[in-house]
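Novice: Structure incoming, see below.
No value in this document is a laboratory result; all are computed from the given coordinates. As the structure is a computational prediction, the values presented were derived from the model and not from experiment. Please note: Cβ atoms are built from the backbone with ideal geometry, for glycine as well, and neighbour counts cover all protein chains shown.
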Amino acid sequence: MKPPPTPGLVNRVIALTFLLLTFTGTLGLGAVWMRQGISSTANSNRALEDRITQVERRLDHVNAEVAAAVNPEALLRQNTFMRLALASPREIQIVRPIGSPELRLAAKRNQEIFRLGATSSDSAGAFRIVTASLR
Amino acid sequence: MSKGFASNRLTLLAIGVLACFTGVGVRLVFLHVVDREELLGYVDKARRQIVVEHARRGTILDAKGNLLATSKSEVTLAVDPWALVEYLDSDRNDARRARKAGDERAKRGQLAGLLGLSVAEVEQAFSPGMRPIKIEADHRDGKVDGQTRDRWVKLREGLDEPTFDLIEKLNVRGLTHERIYRRVYPGGGLAANLIGYVNKEGNSVTGAERHFDLYLKGEDGWIESEQDGARRELAQFRSREVPVRDGNDVVLTIDSVVQHIIEDELRTIAGKFNPNFATIIVSEPRTGRILGMANYPSYDLNNYSKAPLEAQRNYAVTDMIEPGSTFKIVAAGAALDQGLVTPASAFDCGITSINYKGRDLKLPKEDHPFGQLTVAEIVSHSSNRGAAQLAMLMGEDRFYEYARRYGFGQTTKFQLGGEIRGILEDPAHWDGLTITRMPMGHAIAATPLQIHMAMSAIANGGARLRPQIIQEIRDSTGNVIRTFAPEKVEQVLRPSTAALLAQLLHGVVGPGGTGEGFDVKGFEVAAKTGTTQKIVDNKYSNTHYVGSFVGFFPASRPELVVSVIVVDAQVPNDKNYGRAVAAPSFKRVAEQLIQYLDIKPAQPLNRSIIAMQGGFP
């Protein structure tokens, strides 16, 4: 007849079994926690996708509405409805400058400056205006 | 307790445990092997789902980025009346059930208000009913009587998103919906013949919608996953996912404002002359880009189903007409290009017949009696006999070759298709009089676009381009993935000849020209009038005419080519001449385009003649 196992061995087996159970339990719980995390992430992703799709749909709707509101026919209707009397200019109303418009404007401005200088008395104030506008 | 009993008990327990395990094993074998397919099918049906995500069709834009066609989400609202019944029946408490029913009734009242329906109509949709079903398919409600619960009663379709958002907030029980993308055309009838449409079945039918369908349609995506008992997707069980690829955007060369200007002008023509059909085309000579192409009659793209088929045709490419005097640019251009004549060369246009290759040929009639005319005057006065003599100088073969070079008798390769070639017979099939009649635009048929592109070749230094209607393709994020450059088809005339001919055509709107009074001051209109009798019952009619005015401006620096063609205008005293029905429209359109496109007035003709430099290489 074999001798019964020593209490130390039994305690070690029990401890190891407990450790094993704890380990596997932790693994199991970890797996559950991970799956839960995966599913909540997946669901929030899907919710975000749905939201994006919804926003895109609204954008399409708004874009179509804007396009319908700004097409030439609609604008002309608005022009009539609001009595704005807006019309494109006719060629006869347009004066096309010959040469560089910048030079023409500069010459005009200079003429104004010198005229101002000539009409006012020789005061320092007039000179200050000239320098300020040339700056 | 005896030792035997204990032993038997252990044996019985062991047998019991073994039997249990065997039972479990057998059940597992049945589940996993014998009934596997059936059960898998059931699970698949109950849990697995494939959700198709429909691609959003790309938009069509004009050259300035204005939307011409887009897809808008719309909701079809329906009712599952039995869902409401089940919801109320699930509550055993009578008082609470009555309160719930009252709340739902109140919501339905609000729903009716949002939908613009009467409460009675909505209540009718919510009353549970049955619908017939095939007996062999009737296994849904446990009774095989050929009747099943009607769970889809359509309440309203074409509902917009903002209204649907309000309806969703009401949280009405039993309400269900389906979303679809519907094609909308913000411009209504703007450029209808060019854009085309997509029908209710989602098939592209005509125009850019059809011809660029490959770019526009995109690719549907799908998701394979599982669903819970309430049919909600379990996103964590997605096993396969093919992303949706939205369609590309197509950018056309047309400009909405230019298109509107010419469509507005066509409405004026229609109101004034009630023609059979009319066309106005505007393009850039140096690139071949079509800025506008409009037809009368036309239709509203958002109500395409109500439009007659005749209104859906793009007459500019699907129908042919005799070009009439606008075709004289061929004879004049060819004779100048060959060096056979100069603008000052004179011809006797008072003669009624001429000897050609040993035969006396009768020359065509003139609208006005002429005597000696120079080539410049033949063009400006539109002399039929002068044009015939110019063609005779070259002979049939060379004249035919030039007509081909101008693009007659062949398609222009218009990108929206539907185009016909017109008629230009080989000289071998000409009769004896064709050489006298074809130079004045008879015995030949061409589409309005062919005539337009022939004139455009002169404006582009003699180089004929392919008409361009598509500018670029953009992906759904707006990146340009393909651009379309101008395409030169053929060098029709030498650049110097084209510039010379442009000057001669400017004479058409000058004193004594057929288009006198239709110049735009400072913008050197170079154009050609055209009037031709229509062939009715195999003979030229005296009451049905085609009036045209085709030209470009400024002559020395061409920026735009404009063609106005009016077929069968109803004019008092039958004065259907191009100058009466088409030239005024040309001038009005030109004046508006000059302002809109900020075209600068021309320099004198002897300066910076772009055509002289060769135009588009």
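Novice: Classify chain B as rounded, prolate or oblate, taking a ≥ b ≥ c as the square roots of the eigenvalues of its Cα gyration tensor: rounded when a/c is under 1.5, otherwise prolate if a/b is larger than b/c and oblate if not.
Specialist: prolate
Novice: Set the Förster radius R0 to 22 Å, insert the Cβ-Cβ distance between B:Arg267 and B:Lys521 as r into 1/(1 + (r/R0)^6), and round the FRET efficiency to 0.05.
Specialist: 0.25
Novice: Okay, moving on. Using the basic label-point model (7 angstrom from Cα toward the beta carbon), what is the B:Ala46 to B:Asn8 distance in nanometres?
Specialist: 4.5
Novice: Share of antiparallel DSSP beta bridges in chain B, in percent to the nearest 5?
Specialist: The antiparallel fraction comes to roughly 95 percent.
Novice: Pull out the extension gain between B:Ile135 and B:Ser305, defined as 0.36 nm times the separation in residues minus the alpha carbon to alpha carbon distance; nm, one decimal.
Specialist: Residue separation times 0.36 nm, minus the Cα-Cα distance, leaves 57.4 nm.
Novice: Could you give the length gained on full extension between B:Asp426 and B:Cys20, defined as 0.36 nm per residue of separation minus the Cα-Cα distance, in nm?
Specialist: 136.4 nm
Novice: Pairs of Cα atoms under 8 Å, at least six residues apart: use those to get the relative contact order of chain B, whole percent.
Specialist: The value is 13 percent.
Novice: Pull up the cross-link candidates among the aspartates and glutamates for B:Lys217, meaning alpha carbon to alpha carbon under 14 Å and not fewer than 8 places away within one chain.
Specialist: Partners within reach: B:Glu53, B:Glu201, B:Glu209, B:Asp246, B:Asp249, B:Asp475.
Novice: Continuing with the same structure: Need one number: nm distance between label points at B:Thr411 and A:Ile98, each 7 Å from Cα along Cα→Cβ, rounded to one decimal.
Specialist: 5.1
Novice: Please list, or write none, the lysines whose alpha carbon is within less than 16 Å of the alpha carbon of B:Lys143, excluding same-chain residues fewer than 8 places away.
Specialist: B:Lys134
Novice: Quick one, could you list the DSSP H helices from chain B stretching 15 Å or more along their long axis (Cα atoms) with average Kyte-Doolittle hydropathy of 1.0 or above?
Specialist: In chain B, the long hydrophobic H runs are B:3-29, B:448-459.
Novice: Further question: Which shape class, rounded, prolate or oblate, goes with the range B:45-92 when its Cα gyration tensor gives a ≥ b ≥ c as root eigenvalues, a/c under 1.5 marks rounded, and past that a/b bigger than b/c marks prolate?
Specialist: Oblate, since a/c reaches 1.5 and b/c is not below a/b.
Novice: Now for a separate question. In nanometres, what is the gap between the two model label sites at B:Ile481 and B:Leu340, each 7 Å from Cα along Cα-to-Cβ?
Specialist: 5.2
Novice: Which of rounded, prolate, oblate describes the range B:334-402, given a ≥ b ≥ c as roots of the alpha-carbon gyration tensor eigenvalues and a/c under 1.5 marking rounded, otherwise prolate only if a/b is larger than b/c?
Specialist: Judged from the Cα gyration tensor, the range B:334-402 comes out oblate (a/c at least 1.5, b/c at or above a/b).
Novice: Let me ask you something else. Dipole size in debye (nearest 20) for chain B around its Cα centre, Lys and Arg Cβ +1, Asp and Glu Cβ -1?
Specialist: So the dipole magnitude of chain B works out to roughly 880 debye.
Novice: Could you sort out which of B:Lys107/B:Lys169; B:Lys328/B:Lys534; B:Lys45/B:Lys200 sit more than 21 Å apart by Cα distance in this structure?
Specialist: B:Lys45/B:Lys200
Novice: If you don't mind, another one. With a Förster radius of 60 Å, plug the Cβ-Cβ distance of B:Asp397 and B:Ala230 into 1/(1 + (r/R0)^6) and report the FRET value to the nearest 0.05.
Specialist: 0.15
Novice: Turning to a different aspect of this structure: Only Lys, Arg, Asp and Glu count, each charged at its Cβ (+1, +1, -1, -1), so figure out the dipole size of the range B:103-220 about its Cα centre, rounded to 20 debye.
Specialist: So the magnitude is around 180 debye.
Novice: Could you tell me which of B:Ile60, B:Trp82, B:Gln147 has its Cα farthest along the dipole of the range B:53-170 towards the positive end, charges placed at Cβ (Lys, Arg +1; Asp, Glu -1), taken about the Cα centre?
Specialist: Positive-end residue among those listed: B:Trp82.
Novice: Rank the residues B:Ile423, B:Ile50, B:Ile269, B:Ile378 as a footprinting-exposure proxy: fewest other Cβ atoms within 10 Å of their Cβ go first.
Specialist: Exposure proxy ranking, most exposed first: B:Ile50, B:Ile423, B:Ile269, B:Ile378.
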